[in-house]
Amino acid sequence: MALQTLGLYAWSQPALADNFFTRWFASGELKQATVADPYLEMRTGPGVGYPVFYVVGRGEAVDIVTRRTDWFYVRTARQIAGWVDMRQMRATLEASGQPLEIKEPSRAEYTVRRYEAGAFAGRFGDASLIAVFGDYGLSPHLAAELSVAEAIGVASDARMATIGLNHIMAPEWRVSPYLGLGAGVIQIKPRATLVQAVDRTDQLGYAVIGARGYLSRRFLGRFEYRGNVVFTSRNENEALHEWKLGFAFFF
Amino acid sequence: METGLRVFLLSGPRADVPHAAAPRTLALLCCLSLSLSACGLFKRKEPELLGASAPQTEEPLEDASQQPVVEPQVARRSIRVPKITKEDFETSLHAGFMSIEDFGGSPSLSARLAYHISEDFFLEGAFGYAKGGLTSYERLAGGVRLLTDRDRQFTYYAINMGWNALPGEVFVGKNRAYNSAIYLSAGLGGTTFAGDNRFTANIGVGYRVLLTRRLAAHVDFRDYLFDIDVLGSKKVANNLEGSLGISVFF
């Protein structure tokens with residue numbers, strides 16, 4: 001049941017559906033393309049390091065079996081199959097006579113993206129930090145962010161889960177600053193070798209300032225500073241600085 | 001106003017602390033980014049996609065002679081164009097041997113999920129398990145045990161970046177060729193071992209041979225490095241793992 005729900009969900013998300021579920025439900029029908037350039041080079045593998053072993057002539061049709069990164073696995077009517085790069089595939093025609101439509105993540109899509117996921121590495125106080133996060137774009141300017149992080153330090157470890165809202169100041173720029181706010185929980189675990197080690201779980205709030213830049217295709221880089229305030233049960237709140245650098249991809 | 005904000009932000013536990021400078025900064029940042037967020041809402045500009053809403057300039061045909069004599073009644077066929085599937089993900093299971101510094105070697109298991117960004121680069125998440133044995137001191141001293149059995153369990157996770165450095169082919173006999181690639185990888189993660197969670201860096205090299213288009217065999221060597229002070233002095237431990245794996249592209 002859960003799997004079915006997941007299936008329906010993925011079906012409604014074209015980017016996911018392309019990957020997982022079309023193969024399960026698809027009728028096995030393949031998209032066809034006709035070579036419009038003088039020739040189409042087929043390689044043995046999906047990369048420029050692999051040799052060209054066959055050439056398809058102009059006017060011949062090929063079935064597109066699948067795609068891996070920028071390479072298309074195609075099969076001719078004579079059952080010869082190989083990998084063709086995207087640049088050459090763009091010069092083929094669909095059955096309608098139009099150039100083959102290839103969905104390619106671009107700057108335009110970056111601006112209107114819905115989901116984004118990625119990882120960060122950095123410093124949290126005196127500890128080393130690793131974080132993964134997922135963003136949901138409410139508008140080109142606003143994104144809700146869910147993040148889980150682990151910080152491993154000399155005196156203690158910490159685990160955090162936070163939820164927040166980021167405001168992307170200029171989503172149409174290639175590199176844009178952003179600001180945000182959020183809250184979450186932090187579990188601080190002193191090192192086992194220290195005496196009087198007591199785990200504690202506290203709430204925390206944070207303000208974030210950062211920059212995000214579109215790299216290429218579906219990738220972006222992010223750099224951010226978070227000022228964290230841990231609402232401890234002691235007399236003073238604890239302020240913790242967090243710097244991190246990461247990458248993300250959107251879909 | 002400020003007090004009000006502070007109370008709102010700190011909701012409960014420590015709102016009464018008089019010298020909370022950090023919350024004040026936080027409150028200021030709050031105001032700033034909330035106002036900017038609000039600006040964003042108002043400024044929101046719908047991106048123009050596909051030029052879908054071209055203005056309708058059609059005017060009613062008043063001249064009767066321009067009216068079509070016969071209204072064609074064509075039922076449009078809906079054509080479902082097959083989609084091109086993708087297989088940028090690769091999932092693998094590895095079994096091998098891990099040598100944990102000072103704690104002997106043991107069989108290891110790991111599971112990985114990779115996303116191929118381009119023909120050259122991939123991102124990878126990995127989980128693994130191994131178990132440390134006895135140190136030479138424990139073995140020589142007889143009944144002494146430095147760690148409990150549970151603390152000898154070695155579990156790690158890592159987020160890695162990989163580079164297919166040397167793509168190529170393997171030739172088996174005269175008529176068979178398999179695609180292959182030697183890849184380098186490096187990443188960060190955490191390891192739980194000897195009662196502690198340890199920040200871990202790893203570097204590795206692997207060899208991938210594609211048996212079919214979607215199925216690949218791996219030979220993989222990785223070194224997991226972390227600080228450890230269980231045996232008296234603090235040092236960097238190198239934990240080498242060699243494994244064989246099988247992966248599926250999907």
My understanding is that a pair violates if its Cα-Cα distance is over 21 Å; which of A:244/B:235; A:103/B:86; B:86/B:174; A:244/B:86 do that in this structure? A:244/B:235; B:86/B:174; A:244/B:86
How would you classify region A:110-250 from its alpha-carbon gyration tensor, with a ≥ b ≥ c the square roots of the eigenvalues: rounded for a/c under 1.5, else prolate if a/b is greater than b/c, otherwise oblate? prolate
What percent do you get for the relative contact order of region A:83-215 when only Cα pairs under 8 Å and 6+ apart count? 15 percent
With residue A:122 itself left out, Lys, Arg at +1 and Asp, Glu at -1 over residues whose Cβ is under 14 Å from its Cβ give 0
Place the peptides A:139-145, B:148-154, A:92-98 in order of packing, highest mean first, counting for every residue the other Cβ atoms within 10 Å and averaging per peptide. A:139-145, B:148-154, A:92-98
What is the spin-label model distance, in nm, from residue A:78 to residue A:187 if the labels are put 7 Å beyond Cα along the C-beta direction? 6.3 nm
With every protein chain left in place and a probe of 1.4 Å, what is the accessible surface of residue A:165, to the nearest 10 Å²? 70 Å²
Average beta-carbon neighbours from other chains, 10 Å sphere, peptide A:65-72: 6
10 Å Cβ neighbours from other chains, averaged over peptide A:226-232: 4
With every protein chain kept in the model, how would you rank B:146, A:40 by accessible area, 1.4 Å probe, largest at the top? B:146, A:40
Around residue A:210, with a cut-off of 14 angstrom between Cβ atoms, what is the net charge of the other residues, counting Lys and Arg +1 and Asp and Glu -1? -1
Could you order the peptides B:190-201, B:110-121, B:160-171 from most to least packed, using the average number of other C-beta atoms within 10 Å per residue? B:190-201, B:110-121, B:160-171
Restrict the search to region A:102-153; then list the trypsin sites (Lys or Arg not before Pro) that DSSP places in a loop and that have at most 15 other Cβ atoms within 10 Å of their Cβ. A:103, A:114
Residue by residue through A:148-154, how many Cβ atoms from other chains fall within 10 Å of the Cβ on average? 3
If DNA, RNA and ligands are ignored and the probe is 1.4 Å, what is the ranking of B:86, A:244 by accessible area, most exposed first? B:86, A:244
Ranked output for segments A:64-74, B:219-229 by mean other Cβ atoms within 10 Å, highest leading, reads A:64-74, B:219-229
If I stretch the segment between residue A:170 and residue A:55 completely, what's the gain in nm (0.36 nm per residue apart, minus their alpha carbon distance), one decimal? 36.8 nm
Simple SL model, points at 7 angstrom along Cα→Cβ for residue A:203 and residue A:216; separation in nm is 4.6 nm
Quick one: net charge around residue B:92, please, counting Lys, Arg +1 and Asp, Glu -1 for every other residue with C-beta under 11 Å from its C-beta. -1
Can you sort A:86, A:169 by solvent-accessible area, 1.4 Å probe, largest first? A:169, A:86
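The values are calculated or read from the model by the stated rules, or taken from the named source; none is laboratory data. Bear in mind that the values here come from a model prediction, so they are computed numbers and not experimental data. No Cβ is skipped: glycine too gets one built from the backbone with ideal geometry, and neighbour counts run over all protein chains shown. Heavy atoms of the whole protein, side chains included, go into the accessibility calculation; ligands, DNA and RNA do not. Shrake-Rupley method; radii C 1.70, N 1.55, O 1.52, S 1.80 Å.
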